[in-house]
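Enquirer: Before I ask anything, let me first share the structure, which is written out below as structure tokens.
The values are calculated or read from the model by the stated rules, or taken from the named source; none is laboratory data. Owing to the predicted nature of the structure, the values given are computational and were not obtained by experimental measurement. Methodologically, a virtual Cβ is constructed for each residue, glycine included, from the backbone with ideal geometry; neighbour enumeration extends over all protein chains shown. To get the accessible areas, we keep the full protein, side chains included, count just its heavy atoms, and leave off ligands, DNA and RNA. Shrake-Rupley method; radii C 1.70, N 1.55, O 1.52, S 1.80 Å.
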Amino acid sequence: MNILVIGSGGREHALAWKAAQDQSVFEVFVCPGNAGTSLENKLSNISININKFKDVKDFCIEKNIALVIVGPEQPLVDGLVDYLQKSNIKTFGPSSAAAQLEGSKTFSKNFFVKYGIPTANYAAFSNFESAKDHLNKIPYPTVVKADGLAAGKGVIICQTKAEALQALVSIFKDNTFGIAGASVVIEEFLSGEEASFIAVVSKDKIIPLATSQDHKAVGDGDVGLNTGGMGAYSPAPIVDERMHKKILNEVMQPTMHGLINEGSPYLGFLYAGLMIKDGELKVLEFNCRFGDPETQPILLRLKSSLVELCIAAIDDNLDNHKIEWTKQHACGVVIASEGYPENYKKNNEVKIKVIDLDGVKLFHAGTKLNQNKIFTSGGRVFCATALGNNLREAQQKAYSLVESVAFNGAFCRKDIGDKGIR
Ligand code: AMP
Ligand code: GLY
């Protein structure tokens, strides 16, 4: 069969690479993909404008696509899955209505309250003056969040009232996030340790994937600006057996049933971003997709078929579906361009040395191919990912793989995995 993966990041490289491992898979198309996906066996990049849903549909029909996996949030929120499913194309991902869990912070916060899902206290505002008034009534630090999709940049942690006011000015007056900033959520600052809980969900059935932990801040020791994620490891020891059950009972189950109740049953990867402290948890956010970079270490550990898992979910057949993991640990270190998550240079040529190490995979993200040479084209450029018999070994191998990549301005965090080892 042929598969189509939508997206161009490290997550999509990992999804397409994993899908291609099935014997039954003939070709995996990636739209638009990156240099890594264009160099990989059985994978080819295509360049359809994914905002033109009909063009995507026509391509699926022409190539006899048996499964579409949509990677990023924007096409999900825009309704690509709804459109393709109406045309009887098997597509893995939530409907636009269900994707509101990520697409609107106000929607998700109201949803959490309605269905008793633990989350930080908050208030939502659609105008500057009332949001500004609210700043007099709350303790600091606080968190200001643009309501809509903002490529991971819409969350501003404010240490003081002055910073919070600056965040509101930037959102409401300077329109920094455009329409995504038409309203804001102001919420209680939570401390603790973060974990990503990602599952495959089909209506009221759920298969949790291996646990993982991301590193959101740009600098070692979790300092500096928030990014899309600078590295991840799996499994995450903070999600022990008790916590795993608690997350299923208090977060995932009520969410799945809540969405059914709202008339928007979920299909796809469902990602709960959690803050854990003293054995208790709160939901920071939901994502309606697989995490990036969590996908890379998680899929390196998945032994069973990704394609069969997605198809079972679409066919409402998860009940008897089993997935299999290696007991090994995985660690993925993001190599980014100097300046990220703010301004950074593109079009730096990349040199990659081949190294002799088992169980490692260099996933591409912001790369493109030009006359058989690889150039940088994004902020997060690679995710050097490795398996090891324990997290320390996986970490050491991942950092050895990092050493095999060179381009002007390359940097990475040096402490990915340290928290899990501690
Ligand atoms: P979100 O997109 O809502 O998950 O926010 C992105 C990141 O901002 C999270 O992964 C956290 O690191 C941080 N964050 C979000 N909400 C809070 C909060 N209420 N308290 C502390 N940190 C937060
Ligand atoms: N790694 C965080 C995210 O995918 O949103």
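Enquirer: Name the residue that is nearest to ligand 2 (Cβ to nearest atom), counting only residues in region 287-307 that are surrounded by fewer than 24 Cβ atoms within 10 Å (Cβ to Cβ) and touching a residue at least 40 places away in the same chain (Cβ under 8 Å).
Expert: Gly291
Enquirer: Being within 12 Å of ligand 1 (Cβ to nearest atom), under 19 Å from Gln395 (Cα atoms) and in contact (Cβ under 8 Å) with a residue 12 or more places away in the chain is the filter here, so list the residues in region 219-231 that pass it.
Expert: Gly229, Met230
Enquirer: Moving on. Just name the residue that is surrounded by the fewest Cβ atoms within 10 Å (Cβ to Cβ) out of those in region 394-422 that are assigned to a loop (DSSP other than H, G, I, E, B) and charged (D, E, K, R).
Expert: Arg422
Enquirer: If you don't mind, there's one more thing I want to ask. Pull out all pairs, ordered by first then second residue, where Cβ-Cβ is under 8 Å, the residues are six or more apart or on different chains, the first lies in region 269-285 and is outside any strand (DSSP E or B), and the second is more than 14 Å from ligand 1 (Cβ to nearest atom) and of a type in the set (D, E, K, R).
Expert: Partner pairs satisfying both residue conditions: Gly279/Arg242.
Enquirer: Quick check, is Glu194 within 16 Å of ligand 1 (Cβ to nearest atom), among the charged types (D, E, K, R) and under 21 Å from Lys277 (Cβ atoms)? Steps first, please.
Expert: Values: within 16 Å of ligand 1 (Cβ to nearest atom): yes; among the charged types (D, E, K, R): yes; under 21 Å from Lys277 (Cβ atoms): yes.
Criteria met by Glu194.
Enquirer: Kindly evaluate Ile323 against the criterion of being surrounded by 16 or more Cβ atoms within 10 Å (Cβ to Cβ) and farther than 30 Å from Asp204 by Cβ.
Expert: Answer is no for this residue.
Enquirer: Limited to region 308-318, what total is found for residues that are under 30 Å from Val381 (Cβ atoms) and either crowded, with 23+ Cβ neighbours inside 10 Å or touching a Lys or Arg at 6+ places or on another chain (Cβ under 9 Å) (or both)?
Expert: Count: 1.
Enquirer: What tally of residues in region 240-258 results from selecting those that are of a type outside the set (D, E, K, R) and under 18 Å from Lys277 (Cα atoms)?
Expert: Residues of region 240-258 that are of a type outside the set (D, E, K, R), as a first pass: 243-244, 247-249, 251-258.
When the remaining residues are screened for being under 18 Å from Lys277 (Cα atoms), the result is 243-244, 247-249, 251.
Final tally of qualifying residues: 6.
Enquirer: So which residues in region 351-375 are aliphatic (A, V, I, L, M) and more than 19 Å from Gly332 (Cα to Cα)?
Expert: Leu369, Ile374
Enquirer: Only one of these conditions is not met by Ala336: (1) part of a strand (DSSP E or B); (2) out of contact with any Ser or Thr (no Cβ under 9 Å at 6 or more places or on another chain). Which number is it?
Expert: With (1) part of a strand (DSSP E or B); (2) out of contact with any Ser or Thr (no Cβ under 9 Å at 6 or more places or on another chain) applied to Ala336, the lone miss is (2).
Enquirer: How many residues does region 355-393 contain that are under 14 Å from Val405 (Cβ atoms), hydrophobic (A, V, I, L, M, F, W, C) and modelled with pLDDT of 95 or more?
Expert: Counting residues in region 355-393 that are under 14 Å from Val405 (Cβ atoms), hydrophobic (A, V, I, L, M, F, W, C) and modelled with pLDDT of 95 or more gives 11.
Enquirer: Taking Ile238, is it over 25 Å from Asp204 (Cα atoms) and either touching a residue at least 24 places away in the same chain (Cβ under 8 Å) or of a type in the set (Phe, Trp, Tyr) (or both)?
Expert: yes
Enquirer: Among what's in region 87-113 and is open to solvent by less than 20 Å² (accessible area, probe 1.4 Å), of a type outside the set (Phe, Trp, Tyr) and away from ligand 2 (no atom under 16 Å from the Cβ), pick the residue that is farthest from Asp147 (Cα to Cα).
Expert: Ile89
Enquirer: Confirm whether Lys132 is surrounded by fewer than 16 Cβ atoms within 10 Å (Cβ to Cβ) and either touching a residue at least 24 places away in the same chain (Cβ under 8 Å) or hydroxyl-bearing (Ser, Thr, Tyr) (or both).
Expert: no
Enquirer: May I pose another question? Please pick out the residue among Cys310, Cys331 that is of a type in the set (A, V, I, L, M, F, W, C), touching a helix residue (DSSP H, G or I) at 6+ places or on another chain (Cβ under 6 Å), outside any loop (DSSP other than H, G, I, E, B) and in contact (Cβ under 8 Å) with a residue 12 or more places away in the chain.
Expert: Sole residue among the options that is of a type in the set (A, V, I, L, M, F, W, C), touching a helix residue (DSSP H, G or I) at 6+ places or on another chain (Cβ under 6 Å), outside any loop (DSSP other than H, G, I, E, B) and in contact (Cβ under 8 Å) with a residue 12 or more places away in the chain: Cys331.
Enquirer: Return the only residue of Leu391, Leu387, Leu369 being aliphatic (A, V, I, L, M), over 28 Å from Val30 (Cα atoms) and open to solvent by 10 Å² or more (accessible area, probe 1.4 Å).
Expert: Going through Leu391, Leu387, Leu369 in turn, the sole match is Leu391.
Enquirer: Scan region 348-360 and tell me whether some residue there is among the basic types (Lys, Arg) and either over 24 Å from the mean Cα position of the chain (by Cα) or open to solvent by 40 Å² or more (accessible area, probe 1.4 Å) (or both).
Expert: Looking through region 348-360, at least one residue is among the basic types (Lys, Arg) and either over 24 Å from the mean Cα position of the chain (by Cα) or open to solvent by 40 Å² or more (accessible area, probe 1.4 Å) (or both).
Enquirer: Do we find a residue being of a type outside the set (Val, Ile, Thr), more than 13 Å from ligand 1 (Cβ to nearest atom) and on the phi > 0 side of the Ramachandran plot anywhere in region 177-187?
Expert: yes
Enquirer: Please find, within region 261-286, the residue that is most open to solvent (accessible area, probe 1.4 Å) out of those that are within 13 Å of ligand 1 (Cβ to nearest atom) and under 17 Å from Asn110 (Cβ atoms). Give the derivation first.
Expert: Residues of region 261-286 that are within 13 Å of ligand 1 (Cβ to nearest atom), as a first pass: 271-277, 281-286.
Of the ones still in play, those that are also under 17 Å from Asn110 (Cβ atoms) are 272, 282-286.
Values: Ala272: 0, Lys282: 71, Val283: 0, Leu284: 34, Glu285: 40, Phe286: 4 Å².
Residue satisfying both the conditions and the ranking: Lys282.
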